[in-house]
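Undergrad: Before I ask anything, let me first share the structure, which is written out below as structure tokens.
No lab work stands behind these numbers, since they all come straight from the coordinates. These figures come from a predicted structure and were not determined experimentally. Every residue, glycine among them, receives a Cβ derived from its backbone with ideal geometry; neighbour counts consider all protein chains shown.
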Amino acid sequence: MTQRSRIYQPDKEHEVLLRCIRIFFGSENKERLIELVADDLDLTYLIRSASKNRIIPILFSSLNFLGFPGIPQEIIDELRIDFNDNALKNLATTGELLRILSLFELHGISSISFKGPVLASCIYGDLSLRQFDDIDIIVPFSKIHEIAAILISEGYKEEDHQTSKAQQAAMLKYQHHHKFYNENNGVVLEIHWTLSPGLYSLQREMTNIWERAERIVLQGREILGLSNEDTLLFLCEHGARHRWNRLGWICDVAAILRSGNLDWKYVKSHARERRSERTLFIGLFLAKRLLGASIPDEFSNVIEQDKKALALASEAIVNLCLHGHAPENCQFDPVQCNIQDQLFYINASDRVLDRARLYWRMATTPTIEDWSFLPLPDRIFFLYRLIRPIRQATAHGQKIANWLFR
């Protein structure tokens with residue numbers, strides 16, 4: 001049995017994590033989890049794995065529900081401190097989101113908030129129950145430069161600022177957001193003009209998200225957010241783009257499935273229109289297989305017939321296990337991980353032609369790393385399309401071949 005098709009059985013600590021999530025979402029009885037927690041667990045490893053997967057609030061909430069059976073007081077105190085720290089950070093970040101939205105409104109700029117505080121409050125039902133690191137806002141493409149000026153005046157710095165006109169044009173064409181950082185409050189803000197990078201998009205960019213956006217209430221204030229259907233499609237696309245490297249992302253899918261407020265006819269038709277049914281199938285399968293989420297029988301039957309989706313879902317589970325077993329000081333090669341993530345996403349494409357086009361795009365489309373590695377003047381910027389594939393093949397050709405033909 002190959003690595004792609006093998007479903008790894010979790011070790012005891014990972015089983016505790018998965019069962020804690022199932023308890024949290026109401027898809028698990030507590031007797032087996034109490035038995036496991038009372039057993040000889042490596043609690044340091046358990047907490048480290050929960051932190052890597054961004055599910056400390058879920059772990060704490062589930063163990064608190066069980067009464068922390070057999071867990072030493074110092075571990076309980078550590079978890080409670082982590083939970084409270086996250087809750088306070090989330091509250092402060094949400095306040096900053098609302099402040100930024102007020103600024104945009106003052107300048108007549110429309111915006112849609114998603115991920116972060118919106119998912120925590122509107123899908124999980126409580127700001128404290130989800131870990132998030134930044135603020136994500138979608139804005140009209142025509143307002144990007146105006147927004148950058150506003151944010152800089154408010155103390156933010158553009159982390160991925162490009163100096164030349166050619167670099168700026170490439171950034172706007174092939175990426176999907178600008179990242180800003182505020183040293184005064186530690187907030188990271190991502191301003192999106194699309195939901196996925198142009199580098200990845202074929203027919204995958206969601207249409208009519210502005211028309212389908214919904215008024216939601218966040219901390220007593222009405223703002224604009226993505227519809228639940230567009231949120232689900234985005235979460236599955238985003239997870240595939242990152243090879244589902246965190247259990248927290250799968251929890252997000254399970255949380256929106258639990259809400260039950262989904263127009264499945266729209267989800268199905270829009271995934272097909274965007275040629276991204278397989279990315280949807282993988283996300284749904286992982287939520288069902290790992291976390292006990294309920295999905296319509298129609299989707300379950302189709303997913304079971306999609307061998308490629310099942311193989312990629314298995315690979316994602318393997319990857320989660322391998323990251324979970326890594327020592328605390330382990331540093332994964334970010335370049336190698338990025339290549340593997342890209343290859344995973346390519347193979348999640350519905351059509352052979354789409355996969356071929358994505359391979360070509362990723363091989364030839366210049367990135368920030370390329371022009372940082374070898375700065376070129378704007379008049380010969382086009383040469384990056386020749387330089388990039390040579391550079392990629394020289395540096396990573398063997399790794400790519402090993403992944404493709406293992």
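Undergrad: Set Lys and Arg Cβ to +1 and Asp and Glu Cβ to -1, take the dipole of the chain about its Cα centre, and tell me which of Gly70, Leu119, Pro140 lies farthest positive.
TA: Sorting the options by dipole projection puts first Pro140.
Undergrad: To make sure I understand the rule: partners must be aspartates and glutamates, Cα under 12 Å from the Cα of Lys157, and not fewer than 8 residues away in the same chain. Which ones qualify?
TA: In chain and number order, the partners are Glu183, Glu190.
Undergrad: Let me ask something else. Could you derive backbone 3J(HN,Hα) for region 148-157 from the dihedral phi with the Karplus parameters 6.51, -1.76 and 1.60 (θ = phi - 60°), listing whole Hz in sequence and x where the residue is Gly or Pro?
TA: With the stated coefficients, region 148-157 comes to 4, 5, 4, 5, 4, 5, 9, x, 8, 10 Hz.
Undergrad: Rounded to the nearest 0.05, what FRET efficiency is calculated for Leu374 and Trp210 with R0 set to 60 Å and r the Cβ-Cβ distance?
TA: The formula returns an efficiency of 0.95 here.
Undergrad: Moving to a separate point now. Exceeding 30 Å between C-alpha atoms, which entries from my cross-link table qualify? They are Lys268/Lys307; Lys89/Lys179; Lys52/Lys308.
TA: Too far apart for the 30 Å limit: no listed pair.
Undergrad: For region 14-28 and region 114-144, what is the centre-to-centre distance using only Cα atoms, to the nearest Å?
TA: Region 14-28 and region 114-144 have Cα centres spaced 24 Å from each other.
Undergrad: Also, quick follow-up: Please give, to one decimal in nm, the separation of the simple spin-label points placed at Gln305 and Ile75, each 7 Å out from Cα toward the Cβ.
TA: With each label point 7 Å from Cα toward Cβ, the separation is 4.6 nm.
Undergrad: Please pull out the direction-averaged projected area of region 96-184, using the convex hull of its alpha-carbon atoms, in nm² to one decimal place.
TA: Values: hull surface 26.2 nm².
So the mean shadow area of the Cα hull is 6.5 nm².
Undergrad: Something else now. Apply the Karplus curve 6.51 cos²θ - 1.76 cosθ + 1.60, θ = phi - 60°, to the phi angles in region 128-137 and return the couplings in whole Hz, x for Gly and Pro.
TA: Karplus-based 3J(HN,Hα) across region 128-137 equals 7, 8, 9, 8, 9, 10, 8, 10, 10, 9 Hz.
Undergrad: Report the dimensions of region 12-365 along its three principal axes from the alpha-carbon atoms, largest first, rounded to Å.
TA: 60, 48, 40
Undergrad: Region 60-109 to region 342-367: how many Å between their Cα centroids?
TA: 37
Undergrad: Okay, helix-only estimate at 222 nm for the chain: each DSSP H run of n ≥ 4 adds -39500 (n - 2.57), divide by all residues, round to 500 deg cm²/dmol; what do you get?
TA: -18500 deg cm²/dmol
Undergrad: Once R0 is set to 22 Å, what does the formula 1/(1 + (r/R0)^6) return for the Cβ-Cβ distance between Ser153 and Phe382, expressed as a FRET efficiency to the nearest 0.05?
TA: About 0.05, to the nearest 0.05.
Undergrad: Compute the length gained on full extension between Ala92 and Val352: take 0.36 nm times their separation in residues and subtract their Cα-Cα distance, giving the result in nm to one decimal.
TA: Roughly 89.0 nm would be gained on extension.
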